[in-house]
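Encoded as structure tokens, the structure appears first; notes follow it.
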Amino acid sequence: MERLDPMLRTIELVLFPVVAVLMVACLYCIFCVVPNEVTMGAVQRIFYFHVPSAWVAFLGFFVVFVASTLYLTTRQLVWDTLAHAAAELGVLFCAIVLLSGPIWARPAWGTWWTWEARLTTTLVLELVFVAYLVLRSQAESRDQAARLAAVVGIVGFLDVPLIYFSVKLWRGHHPIVFKSGGGEGLEPAMLKTFMLCMFTFTLFFSLLLALRFRLGLLQEDLAEIKDREMSPGA
Amino acid sequence: MPRWLAAGREVAPLNATPPALVICVKDLQQELKTRESFTAAFFFALLVQLVFSFAFDFQSLGLGFQDVGAGVLWITLTFSSILSLQNSFVIEREKNCLAALALCPCDPSSVFLGKFLANLIFVLAVQAFVLPISALFFGYDLAAVALPLSLVVVVNAAGFSALGTLFAAISVRTRRSELLLPLLLFPAATPVVIWGVKATRLCLAGRGLEAYEYLVGLSACFGAIFAVAGVLLFDYVLEE
């Protein structure tokens, strides 16, 4: 904790101005630089935020998996605090994906929602990690919350490819928005903007993670101090 | 009794049966004595079917069991399994039997395997009663597809129970276990439900095994993955 706190503060101090500048640059590129998409029109610009959010949400769930595994092997609560922070951010960005998707789908597909593989997987994933957060809030002690949540974090992440595969078998194909390889490909300005957004969101996620992680560590310190004051003899 | 057999019994009276089996038999015996869980799960399954027949109005819409049976079957199975999965650990909470289980002189994975086996047998027993009744309700000739259908149900119920046993053990440790188990289990068990429904639909439509054997294989993989995960992770769940 003593070593972590200044490190996290430094990360925040460095990342905050960088993310702020990059985010403005992203918005400028999205609204002023990239051309309109031929078939979908202006609404396609949602994708510059939608896809990076999805990537960052998955990154968050991956961090939960790694931190949970590390917690179970080392039994250091720091890892659990990190897993908790990453899970909250994962759920947040997943919600952004689920909200921005329909806004785009309504004009593009003519429907708010369709039971398609990627959409359904994202929704199921969101529900798995919401359950993870509910579990944390329902546990009887701090150690128990950490242990049980770590197991669910690991199992939930193992489940991701299975859910995706099963839903894909269940429902047909996703209209490909960004073609990978072959064909006309993407307009260079679009690709550059998209890459910039991906990079910015990754940094944005790191900044939020550092903030939430440090907040979690402070909460733990506070709980410890309160405990000590409640039982002065101990 | 031959001398060598008698001698063997004296040396290892308890170690002869694997601990997982002992725990499974204990659970089943307890259930046979009280029949609490079975009665609840069975009548709950019947109620679900009743709600179904109101909700979809099969007769006036002209829907046959082969159209809706797969859905009816899987909703009944998952809902009634939740009850029994929950109960299999709630009974251990009384008089702190969970601590006793954790103190068992055996590997924690044996406790998981025992509970998993007992849960699976239980779910299948409920289905063995519910399936014929539902076929009767919806006027369907079950005998024609009994064998392939049993295969689909057994494999998918095994996958569902493997994950369900692990999550039931987790949720029973929390303050609101009844609330948490469905919340945890339903989204995570999506794959096995999707594959189960799909295979059941093909099976009820009278298609051959080759039409859905890949689905059964996938469900078997799901079961295997989470049975292994349960074996590896149960130690952490059981810990005080």
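List the number of the failed condition for B:A205; all other conditions in (1) modelled with pLDDT of 90 or more; (2) in contact with a helix residue (DSSP H, G or I) (Cβ under 7 Å, 6 or more places away or on another chain) hold.
Answer for B:A205: the failing condition is (1).
Within segment B:165-200, how many residues are small (G, A, S) and within 7 Å of chain A (Cβ to nearest Cβ)?
Result for segment B:165-200: 1.
Only one of (1) crowded, with 16+ Cβ neighbours inside 10 Å; (2) out of contact with any Cys (no Cβ under 6 Å at 6 or more places or on another chain); (3) not β-branched (V, I, T) fails for B:L147. Which number is that?
The single condition B:L147 does not satisfy is (1).
Being under 17 Å from the mean Cα position of the chain (by Cα), closer than 30 Å to B:Y140 by Cα and touching a residue at least 24 places away in the same chain (Cβ under 8 Å) is the filter here, so list the residues in segment B:183-211 that pass it.
Residues satisfying the conditions are B:F186, B:A189, B:P191, B:V192, B:V193, B:W195, B:G196, B:V197, B:T200.
Please work out if B:L179 is in a helix (DSSP H, G or I), over 15 Å from the mean Cα position of the chain (by Cα) and not hydroxyl-bearing (S, T, Y).
Answer is yes for this residue.
Of the residues that sit in segment A:147-172 and are more than 8 Å from chain B (Cβ to nearest Cβ) and closer than 23 Å to A:V56 by Cα, which one is farthest from the chain's Cα centre (by Cα)?
This residue is A:K168.
Which condition does B:A125 not pass, out of (1) closer than 15 Å to B:W74 by Cβ; (2) modelled with pLDDT of 90 or more; (3) surrounded by fewer than 24 Cβ atoms within 10 Å (Cβ to Cβ), if it passes all the others?
So B:A125 meets the others, but not (1).
Confirm whether B:A118 is in contact (Cβ under 8 Å) with a residue 40 or more places away in the chain, within 21 Å of B:A41 (Cβ to Cβ) and more than 15 Å from the chain's Cα centre (by Cα).
no
Is it the case that segment B:155-166 has a residue that's in contact with a Lys or Arg (Cβ under 6 Å, 6 or more places away or on another chain), closer than 13 Å to B:V123 by Cβ and either part of a helix (DSSP H, G or I) or not charged (D, E, K, R) (or both)?
To start, the set of residues in segment B:155-166 that are in contact with a Lys or Arg (Cβ under 6 Å, 6 or more places away or on another chain) comprises B:165.
Imposing the further condition that a residue be closer than 13 Å to B:V123 by Cβ reduces the set to B:165.
Then drop every residue that is not either part of a helix (DSSP H, G or I) or not charged (D, E, K, R) (or both), which leaves B:165.
Within segment B:155-166, one or more residues are in contact with a Lys or Arg (Cβ under 6 Å, 6 or more places away or on another chain), closer than 13 Å to B:V123 by Cβ and either part of a helix (DSSP H, G or I) or not charged (D, E, K, R) (or both).
Examine segment A:134-149 for a residue that is out of contact with any strand residue (DSSP E or B) (no Cβ under 8 Å at 6 or more places or on another chain) and farther than 21 Å from B:L179 by Cβ, and state whether such a residue exists.
Looking through segment A:134-149, at least one residue is out of contact with any strand residue (DSSP E or B) (no Cβ under 8 Å at 6 or more places or on another chain) and farther than 21 Å from B:L179 by Cβ.
Would you say A:A86 is hydrophobic (A, V, I, L, M, F, W, C) and closer than 18 Å to A:F47 by Cα?
no
Of all residues in segment A:99-118, which are within 28 Å of B:F167 (Cβ to Cβ), in contact (Cβ under 8 Å) with a residue 40 or more places away in the chain and either part of a loop (DSSP other than H, G, I, E, B) or not basic (K, R) (or both)?
Hits for segment A:99-118 are A:W115, A:E116, A:A117.
Somewhere in segment B:78-97, is a residue basic (K, R), surrounded by 22 or more Cβ atoms within 10 Å (Cβ to Cβ) and more than 14 Å from chain A (Cβ to nearest Cβ)?
No, because not a single residue in segment B:78-97 is basic (K, R), surrounded by 22 or more Cβ atoms within 10 Å (Cβ to Cβ) and more than 14 Å from chain A (Cβ to nearest Cβ).
Taking interchain pairs and intrachain pairs at least six residues apart, which have beta carbon atoms under 6 angstrom, with the first residue in segment B:212-240 and within 9 Å of chain A (Cβ to nearest Cβ) and free of Cβ contacts under 8 Å to residues at least 60 places away in the same chain and the second surrounded by fewer than 24 Cβ atoms within 10 Å (Cβ to Cβ) and hydrophobic (A, V, I, L, M, F, W, C)?
Qualifying pairs under 6 Å: B:Y236/A:L72.
Residues to consider are B:A162, B:A135, B:A158; find the one that is under 23 Å from B:F112 (Cβ atoms), in contact with a Phe, Trp or Tyr (Cβ under 7 Å, 6 or more places away or on another chain) and more than 9 Å from every other protein chain (Cβ to nearest Cβ).
Answer to the selection: B:A162.
Quick one: in segment A:118-145, of everything that is more than 7 Å from chain B (Cβ to nearest Cβ) and of a type in the set (D, E, K, R), which residue is surrounded by the most Cβ atoms within 10 Å (Cβ to Cβ)?
Among residues in segment A:118-145 that are more than 7 Å from chain B (Cβ to nearest Cβ) and of a type in the set (D, E, K, R), the one surrounded by the most Cβ atoms within 10 Å (Cβ to Cβ) is A:R136.
The values are calculated or read from the model by the stated rules, or taken from the named source; none is laboratory data. Since this is a predicted model, take the numbers as computed values, not measurements. Cβ sites come from the backbone with ideal geometry, for glycine too, and all protein chains shown count toward neighbours.
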